[in-house]
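Every number in this text was worked out from the coordinates using simple rules, so none of it is lab data. Here the structure is a predicted model, which is why all the values come from computation and not from measurement. Virtual Cβ from ideal backbone geometry, glycine too; neighbours counted across all protein chains shown.
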Amino acid sequence: MSLNKQNDIKKDYNVTPSIAKRLLKDAHNSLSAEEFDKLRNILKESLRKGIYQRGRKSFSLLESIVNTALVAMEYMGLRSSAILAVFLYNPVTEHVISEAEVKKTFGQDVSKIVKGLIKINDMEATQSALASENYANLLLSMAEDMRVIFLMIANRLYMMRNAMSFDEKIRMNLLTEVSYLYTPLAHKLGLYAIKTEFEDLYLKYTDPDSYIFVERKISESREVRDKYIREFIKPIENRLKDSGLKYDIKGRVKSISSINNKLKKQQVDFEHIYDLFAIRIILDSEESKEKAECWQVYSVVADLYTPNPKRLKDWLSIPKSNGYESLHTTVMGPESRWVEVQIRTKRMDEVAEKGFAAHWKYKGVKDSQSKLDEWLANLREVLENDSLGTAEKLEAFKLDLYDEEIYVFTPKGDLHKLPKGATVLDFAFSIHSKVGATCVSGLVNGKNVPIRHKLKSGDQIEILTSPNQSPKQDWLNIVTTSKAKNRIRQQLKEEANKQVEIAKELLARRFKNRKIEDYEPNLMRLIKKLGFKTVTGFYIKIADGTLDINNVIDQYLDFGKKETELHEKHETTSADQFIPHLNEDEKHSSSGEELVIDHNLTGIDYKLAKCCNPIYGDEIFGFVSSQGIKIHRKNCPNAKDMFARFAYRVVPARWSGKSASGYIITLRIIGKDDIGIINNLTSIISKESGVSMRSISIDSIDGLFQGNMSVMLSDTTALNGLIKKLKTVKGVKEVSRLN
């Protein structure tokens with residue numbers, strides 16, 4: 001590409017020379033001169049029409065497109081077709097160029113990706129991407145072409161990096177969508193760098209105090225940590241220098257979100273978390289020597305430092321389903337501190353960072369896509385199964401994400417990968433649906449075990465079947481894999497449909513024999529009065545004899561044609577009336593209806609949610625339920641799931657007036673187990689105006705006390721003031737509010 005051509009692009013699209021050079025150089029190398037000129041003309045025409053001036057205040061649409069393309073290139077190694085599709089999507093939707101012209105000029109591959117992006121964005125334009133009715137369709141659209149998933153993940157990473165520029169409601173929807181959908185997808189696809197950044201950014205926006213605390217602690221301990229890493233690495237390097245191996249060693253601090261999770265899970269202060277970092281040894285090896293040289297390095301490390309045999313993870317012999325290959329060991333380093341050591345090659349490291357996208361580079365599309373295609377095929381099968389409800393489809397999708405894997409074998413030695421916790425019945429369905437449906441037990445390592453027996457890595461399993469066996473409802477509680485659950489539900493539904501048809505014919509015949517008119521609305525009301533949630537459940541009870549059919553007909557006659565549907569009447573306003581009805585403009589703004597909470601509020605049936613115990617001053621939202629409106633904190637642990645699955649039930653809410661009542665909250669306090677520290681804490685609480693102690697429980701372990709204190713107070717101002725004073729007590733290390 002000539003310098004003049006680069007300068008033209010910079011001038012036209014207001015991007016830096018480096019960005020223009022990187023993007024267009026790649027496009028130029030992948031396209032013919034005619035194709036490149038066509039693309040350039042399309043972008044110029046789009047600019048002339050003002051397409052790229054649209055977008056949010058903080059950044060233009062073009063900036064979003066360019067940065068999405070950069071993420072796709074840098075983090076995923078995507079080239080050519082995918083990058084072209086990113087640039088052509090808007091010109092197609094704005095009719096600068098037609099889909100037919102894209103296919104003719106740039107090929108079927110580019111056209112297919114553009115169609116996938118259009119389909120997804122059309123769905124997101126009409127409703128929340130995570131509304132339950134739309135979620136399965138969104139997943140199905142992405143499952144048609146893997147590159148569409150990559151590009152959507154790339155776009156969401158760029159949006160997450162700029163989330164503070166959005167208004168609060170849009171930001172909350174983005175955070176929920178990313179946490180619920182795109183983070184697990186990035187994990188499944190082996191995009192660990194993106195997955196980690198998603199998790200860190202989610203924590204930064206939803207719990208900034210925890211994020212800043214961990215970030216500050218990491219920064220404060222950097223000098224000591226770096227010194228320790230140097231001391232740990234030095235003897236390893238001395239040994240490896242004489243081995244003739246080409247290598248690079250680096251220390252890596254674990255992510256802020258993972259450290260925060262450890263703090264919460266272990267309930268200790270920062271200084272007592274020792275595995276804050278990992279050492280990574282990356283070899284420059286020929287592919288034929290990779291495994292041998294990795295084990296050679298492991299031998300060096302194990303000679304110098306005592307390994308923990310329970311923490312050896314060998315993903316060299318059997319890589320993860322997403323292509324991840326590495327050798328992990330945890331060893332006892334200086335000062336009796338456990339240190340994780342990861343050993344891999346350059347190729348493995350790129351696959352670990354870029355997932356399947358990098359895998360294609362090394363092994364070829366056809367070979368490397370087999371495992372991924374298997375997962376996508378299974379996902380499509382579940383999503384296209386009309387016998388499953390939306391909730392069941394989403395459950396099946398989530399089952400396939402984040403699971404740790406075990407490796408088991410058939411009697412012939414064939415390898416099967418299953419999620420940790422899988423049972424004999426899961427294994428049977430992984431072989432074949434018929435084998436699973438007729439499974440009665442299994443031989444695990446030669447010993448007869450029931451179908452619910454949980455498998456371990458290395459087990460050899462033989463399935464025993466019987467032609468008289470068929471799936472049972474409780475099997476759904478035995479299996480863990482989406483494939484098994486899908487097959488069981490399918491067969492149970494098929495059997496239920498047969499029973500329902502038999503019961504319907506029987507009931508219709510009895511009505512006819514007794515010369516009774518079958519008035520369906522009355523029958524539906526009777527079914528509801530009898531306590532059945534579904535009509536299918538009613539007919540199944542008739543089919544299996546639980547309901548006497550003559551008794552049902554007698555009740556139907558007593559019910560009478562004068563019976564009308566019962567409507568629950570409330571003195572308070574129905575919660576359903578508070579679901580915001582937004583017009584098209586309001587759907588994209590935060591200025592919709594808002595629920596104002598104060599002590600004088602009457603006529604509204606609302607309650608404070610127990611899962612997060614909101615108090616006056618907390619940032620809140622309302623959630624419409626069958627029991628009325630529940631008020632939740634915005635950082636409630638259940639918030640992202642509610643926004644994800646039931647966004648249409650979320651009601652913006654805020655406090656008004658002054659707090660006129662007390663709220664009970666629980667504080668978690670960690671500190672040194674010194675004499676008198678409890679008295680000092682309770683003394684502060686007793687002297688604090690408007691605050692009263694309700695309960696206290698303390699545990700003492702290894703010189704530390706950990707306790708929960710329940711207090712009653714009026715609002716967040718009082719809460720923050722109390723926490724600040726409690727932190728000043730000598731020996732107190734942490735004071736935090738529990739949900």
(request) Report, by chain and number, residues whose modeled amide H sits under 5 Å from the one on ILE406, excluding near sequence neighbours (fewer than 5 apart, same chain). (result) LEU418, LYS420
(message) Strictly greater than 21 Å: what percent of every Cα pair in segment 214-354 meets that?
(response) 45 percent
(request) Go through LYS434/LYS456; LYS417/LYS541; LYS112/LYS313; LYS119/LYS483 and tell me which ones have a Cα-Cα distance over 29 Å in this structure. (result) LYS417/LYS541; LYS112/LYS313
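Where the eigenvalues come from the Cα gyration tensor of segment 491-559, what are the semi-axes √(5λ) of the equivalent ellipsoid, largest first, in whole Å?
Three semi-axes, in Å: 20, 14, 10.
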(request) Please tell me which of these pairs span more than 25 angstrom C-alpha to C-alpha: LYS265/LYS687; LYS188/LYS420; LYS44/LYS104; LYS289/LYS454; LYS227/LYS289? (result) LYS265/LYS687; LYS289/LYS454; LYS227/LYS289
(request) Send over the per residue convex hull volume for segment 427-487, Cα only, as a whole number of Å³. (result) 79 Å³
(message) I need the phi-derived Karplus couplings for segment 469-477: 6.51 cos²θ - 1.76 cosθ + 1.60, θ = phi - 60°, integer Hz, Gly and Pro marked x.
(response) 7, 8, x, 10, 4, 6, 4, 5, 8
(request) Filter the GluC sites (Glu not before Pro) in segment 242-346 to those in DSSP coil with at most 13 other Cβ atoms within 10 Å of their Cβ, and list the result. (result) GLU286
(request) Using a Förster distance of 22 angstrom, determine the FRET efficiency expected from the C-beta separation of LYS472 and GLU501, and round it to 0.05. (result) 0.60
(message) If the only charges are +1 at each Lys and Arg Cβ and -1 at each Asp and Glu Cβ, what is the size of the charge dipole of segment 420-489 around the Cα centre, to the nearest 20 debye?
(response) 220 debye
